[in-house]
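The values are calculated or read from the model by the stated rules, or taken from the named source; none is laboratory data. Since this is a predicted model, take the numbers as computed values, not measurements. Because the Cβ atoms are built from the backbone with ideal geometry, glycine has one as well, and the counts that use them run over all protein chains shown. SASA here: full protein model, heavy atoms, side chains in, ligands and nucleic acids out. Shrake-Rupley method; radii C 1.70, N 1.55, O 1.52, S 1.80 Å.
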Amino acid sequence: MAEMTSNRPYLIRATHEWICDNGLTTHLAVNANYPGVEVPQDYVQDGQIVLNIAPRAVTNFVAGNEEIVFSARFGGVPMTLRVPVNAVVAVFARENGQGMAFDPTEPPEPPTPPAPDKADSKAKVSHLKVVK
């Protein structure tokens, strides 16, 4: 049986659409310490940030399967935000709190650099000698 992709990005998109269809304001709660999160750090509290992603609050909104990218203003300054879908803690309506929470996801392990090959290190030793 083939392994299925994560349902998290689909649930985020569906909940966002449901909230918007009901005329409410969609908010994302995000783990701001998750690798790849690009948000204004001045607004992070206790390692989390809550972002208004309602269509009237953001531009260039793209909710992909790996990350959510959009532009928003913070203190009048426009910026592009990037949120990996695994950093999303919850998606909910500001007005009534209805939505969906997600279990925390462990960040992927950073790739380990390959160990230097011993054959290569010997090949780099010069065969030349200093002659005086």
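For every residue, the table says whether it meets (1) open to solvent by 80 Å² or more (accessible area, probe 1.4 Å); (2) within 20 Å of L81 (Cα to Cα); (3) among the charged types (D, E, K, R).
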site	(1), (2), (3)
M1	yes, no, no
T5	yes, no, no
D21	yes, no, yes
T26	no, yes, no
P35	no, yes, no
D46	yes, yes, yes
V50	yes, yes, no
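A search for C-beta distances below 9 Å between a residue of segment 96-115 that is closer than 18 Å to N7 by Cβ and open to solvent by 100 Å² or more (accessible area, probe 1.4 Å) and any residue that is at pLDDT 80 or above and in a strand (DSSP E or B), counting only pairs 6+ apart in sequence or on different chains, returns P104/N31; P104/V89. Number of residues in segment 61-87 that are under 15 Å from R13 (Cα atoms), in contact (Cβ under 8 Å) with a residue 12 or more places away in the chain and either polar (S, T, N, Q) or surrounded by 15 or more Cβ atoms within 10 Å (Cβ to Cβ) (or both) equals 11. Within segment 30-56, the set of residues being part of a loop (DSSP other than H, G, I, E, B), of a type in the set (A, V, I, L, M) and within 15 Å of the chain's Cα centre (by Cα) comprises A32, V37, V39, V44, I53.
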